[in-house]
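First the structure, in the form of structure tokens, and then the observations on it.
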There are 2 protein chains.
Amino acid sequence: MVSTSGPPTVETIATRAGVSTASVSRVLNGHGARPETVRRVERAAAELGYVPNAVARSLQGGRSRQLTVAVRDLRDPGHVAMVRAVQAVARAHGYRLVLHSTDTAADTAHAVADELDVLRGLADGTSDGLVLCPVHVTPEHVEALRTAAQPVVVLGAFPDGVEPPADGVRDDPAAGAELAVRHLVRTGRRRVAFLDGPAGTAPGRDRHRGYRAALAARGLTPDPALVAHADTTVEAGTRALHRLLDGPAGGGGRTGEGHGGGVDAVLCADDRLALGATHALHARGLRVPADVAVAGMGDSPLAEAGWPPLTSVDLGAAERARIAAEMLLARVAERDAGTARTPARTATVAPRLAVRASSAPPARPPGVAT
Amino acid sequence: MVSTSGPPTVETIATRAGVSTASVSRVLNGHGARPETVRRVERAAAELGYVPNAVARSLQGGRSRQLTVAVRDLRDPGHVAMVRAVQAVARAHGYRLVLHSTDTAADTAHAVADELDVLRGLADGTSDGLVLCPVHVTPEHVEALRTAAQPVVVLGAFPDGVEPPADGVRDDPAAGAELAVRHLVRTGRRRVAFLDGPAGTAPGRDRHRGYRAALAARGLTPDPALVAHADTTVEAGTRALHRLLDGPAGGGGRTGEGHGGGVDAVLCADDRLALGATHALHARGLRVPADVAVAGMGDSPLAEAGWPPLTSVDLGAAERARIAAEMLLARVAERDAGTARTPARTATVAPRLAVRASSAPPARPPGVAT
DNA sequence: TTGAAAGCGCTACCAT
DNA sequence: ATGGTAGCGCTTTCAA
């Protein structure tokens, strides 16, 4: 039965153009036909406002032309940057983007379970590949990645010592922290506090390492009293910095004018924390950057929005995501071409420091730039 | 031919369980079968790690279980809030979310063309419905909406005088602006400037109307010199406010201490503008809120991040998107049920004022709360 | 160059 | 309760 109604299909067009469905398909896919045939088919398609059914195409071709991106939380500006970047690449290559965000999953355990579900779901045919930004790569992740039905590129690092189960693009938080602390010390700061994210994470350890390395390189001794942890929110950052300044490291924390014991700079693991830190400083009557310099990490739009505008380490979120998306498409192409599976690739994006007003040298003559 | 290799299908399972594919399908969809059959099918499926092919399901059922959300620009925190809200609803109902963002389209004309493409694309079967947040609803939009192949809910208002071609959920910028100005005046401000977004937009006209209405209600005369326009970025906000304060309305703009001519409050059409405005004020040595109060619109995470934290009108972006997604799913259900097409529904979400430090009453005794 | 027909994986109908 | 089978819309052999 033909064209009872409903949206037009190849069959509708075929009837109207007086050709076979095969010819319609060929013309529509530019596979060549007699000019006359082309004309008639195109005419019929245009008149009917034909739109090919992408689902049928997917079923037939085994490719969905959809890419999936899974991130934890769109409240994180870094994740937004990643999604934007992946979207741009997908779009440029004619792929739709399926967004999976797990931020409804309250706790980490749920988020991990959710990520594993996404990985298994890759077998359902709706996606040709996945860019995954996991909370933390667990052994279960590694296993699931090995057996994934479609190519996956991970935004993050794999646990040490395991054969990478998938392509990955990581940042370098250690180098990032080091970059920032170097800058702070070079501009004359000596008591650099470190406001980190929640304790016990792998990136946290890296950042801490970079922080200590940069201090050590300048002959400064890390002071445990200068390190604090907080959830990555403005509020938590404010509270944590108050606590830190109220502690032994604060050096009174009131005027900050040249006395030896006071904190004169704060590196924060995230722009939201850094904004929170500036709030605490403002509230205590400390001037930023005159009394205390502040630097964040992420270089999100928040950094420019802060007062004063925030010096921040760009860890390359957008760039990483762009690279990941391109790696993924390369894998998809590989699969389409039937090429033999090549080993996992890994890339690292180097950090870059965006210096803004929050870390200008103090009013007093700056320290010698060693 | 059966199970040469490749991922397991209903056929693979059927063979393994010694039943027909029809039985496999029934069991897998919970359509009832003899306990023994259920057991054997489920066992085979589990052993094979079977994942149903969602594409084949879509083709067969005519429903993709995907929803599309199209927004202009993920750099806009309001759009991020919308996407999050739609995602949450979609997810809760077992739908995947396809994200279409047009922010690669540089100019408005391209963005509009892109939106029309999305609307046409609804016929390709990959989406059961669309939540569309258009830059501006053009007559072409109206036409495309009327003939859309799938239900669409628009986040925004339709042009006056036309029969709404689709469901819509709008905000109320006029009421929002009015709310904010009321609050500013009530807390003693008299010279309230208005830093609007780009000139010539429909929401801009609404906001302006609300601004004037609130002033009029208090017997204050709107002063054209107090109104300026800027692109919605922090930078542009800063420049625009400087310009405004340098103009006749600035009243010298230096001390702001009680003289009659000076601006003592600024309402901004967007939180980014508002942040930019605070930067300009800080730079001029004016205190916020002591000398000049500032209020933004959108109540994005930026508002809490600002210094001082920003009073902002929540226009209900997340709430609107949530309602839109639910309306959309209701339409989808309607279609599935074969119910007769009901007329377009329209909802409006009322604004809500989030008062923060940027608009605290001035240090001097506040004006009488009329 | 073109048409007939198989088949992608699934569900639903109709018999049994 | 179960099995055979048609068919969703498309692309792609295979013949002609």
Query raised in the report: Here are some residues: B:T238, B:T255. Which one is farther than 17 Å from B:A199 by Cβ, surrounded by fewer than 23 Cβ atoms within 10 Å (Cβ to Cβ) and at pLDDT 95 or above?
Result: B:T238
Report task. Could you check, for the stretch B:102-113, whether at least one of its residues is away from chain A (no Cβ under 13 Å) and of a type in the set (D, E, K, R)? Result -> yes
Query raised in the report: Out of all the residues in the stretch B:32-52, is one or more buried (at least 18 other Cβ atoms within 10 Å of the Cβ), away from DNA strand D (no atom under 14 Å from the Cβ) and aliphatic (A, V, I, L, M)?
Result: yes
Requested in this report: For the stretch A:2-24, name all the residues that are closer than 20 Å to B:A56 by Cα, near DNA strand D (Cβ under 7 Å from one of its atoms), touching a helix residue (DSSP H, G or I) at 6+ places or on another chain (Cβ under 7 Å) and not hydrophobic (A, V, I, L, M, F, W, C).
Outcome: A:P7, A:E11
Query raised in the report: Could you list, in sequence order, the residues of the stretch A:300-319 that are surrounded by fewer than 24 Cβ atoms within 10 Å (Cβ to Cβ), in a helix (DSSP H, G or I) and within 13 Å of another protein chain (Cβ to nearest Cβ)?
Result: A:P301, A:E304, A:A318
Requested in this report: Have a look at B:G61, B:G78 and point out the one that is surrounded by fewer than 18 Cβ atoms within 10 Å (Cβ to Cβ) and either within 14 Å of DNA strand D (Cβ to nearest atom) or not hydroxyl-bearing (S, T, Y) (or both).
Outcome: B:G61
Report task. Look at the stretch A:92-101 and say how many of its residues are more than 7 Å from chain B (Cβ to nearest Cβ) and over 16 Å from A:L329 (Cβ atoms). Result -> 1
Report task. Would you mind stating whether A:V89 is within 11 Å of another protein chain (Cβ to nearest Cβ) and either crowded, with 24+ Cβ neighbours inside 10 Å or at pLDDT 95 or above (or both)? Result -> yes
Query raised in the report: Based on what the data block shows, is B:E11 more than 7 Å from DNA strand C (Cβ to nearest atom) and at pLDDT 95 or above?
Result: no
Report summary line: Over the stretch B:263-299, the set of residues closer than 26 Å to B:D171 by Cα, out of contact with any Ser or Thr (no Cβ under 6 Å at 6 or more places or on another chain) and facing chain A (nearest Cβ under 10 Å) is B:A274, B:L275, B:T278
Report task. Scan the stretch B:57-72 for residues that are among the aliphatic types (A, V, I, L, M) and away from DNA strand C (no atom under 16 Å from the Cβ) and jot them down. Result -> B:L67, B:V69, B:A70, B:V71
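Would you confirm whether or not the stretch A:132-149 contains a residue that is within 14 Å of chain B (Cβ to nearest Cβ) and under 28 Å from B:T102 (Cα atoms)?
Narrowing the stretch A:132-149 to residues within 14 Å of chain B (Cβ to nearest Cβ): A:143-144, A:146-149.
Of the ones still in play, those that are also under 28 Å from B:T102 (Cα atoms) are none.
Among the residues of the stretch A:132-149, not one is within 14 Å of chain B (Cβ to nearest Cβ) and under 28 Å from B:T102 (Cα atoms), which makes the answer no.
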Report task. Could you please let me know if A:P362 is surrounded by 20 or more Cβ atoms within 10 Å (Cβ to Cβ) and modelled with pLDDT under 95? Result -> yes
Requested in this report: Kindly indicate which of B:A54, B:A44 is closer than 30 Å to B:S25 by Cβ, within 16 Å of DNA strand C (Cβ to nearest atom) and free of Cβ contacts under 8 Å to residues at least 12 places away in the same chain.
Outcome: B:A54
Requested in this report: Count, please, the residues in the stretch A:21-39 that happen to be in contact (Cβ under 8 Å) with a residue 12 or more places away in the chain and within 6 Å of DNA strand C (Cβ to nearest atom).
Outcome: 2
Query - Condition met for B:P343 (within 14 Å of chain A (Cβ to nearest Cβ) and surrounded by fewer than 24 Cβ atoms within 10 Å (Cβ to Cβ)) - result: no
Query - When residues of the stretch B:92-120 are limited to those that are free of Cβ contacts under 8 Å to residues at least 60 places away in the same chain and either among the aromatic types (F, W, Y) or farther than 22 Å from B:A148 by Cβ (or both), the one surrounded by the most Cβ atoms within 10 Å (Cβ to Cβ) - result: B:D103
Query raised in the report: Out of the stretch A:13-66, which residues are within 41 Å of the chain's Cα centre (by Cα), part of a helix (DSSP H, G or I) and within 14 Å of chain B (Cβ to nearest Cβ)?
Result: A:L28, A:A54, A:V55, A:A56, A:R57, A:S58, A:L59, A:Q60, A:G61
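The values are calculated or read from the model by the stated rules, or taken from the named source; none is laboratory data. Note that the structure is predicted; figures quoted are calculated from it, not measured. Cβ coordinates were reconstructed from backbone atoms using ideal geometry, including for glycine residues, and neighbour counts include every protein chain displayed.
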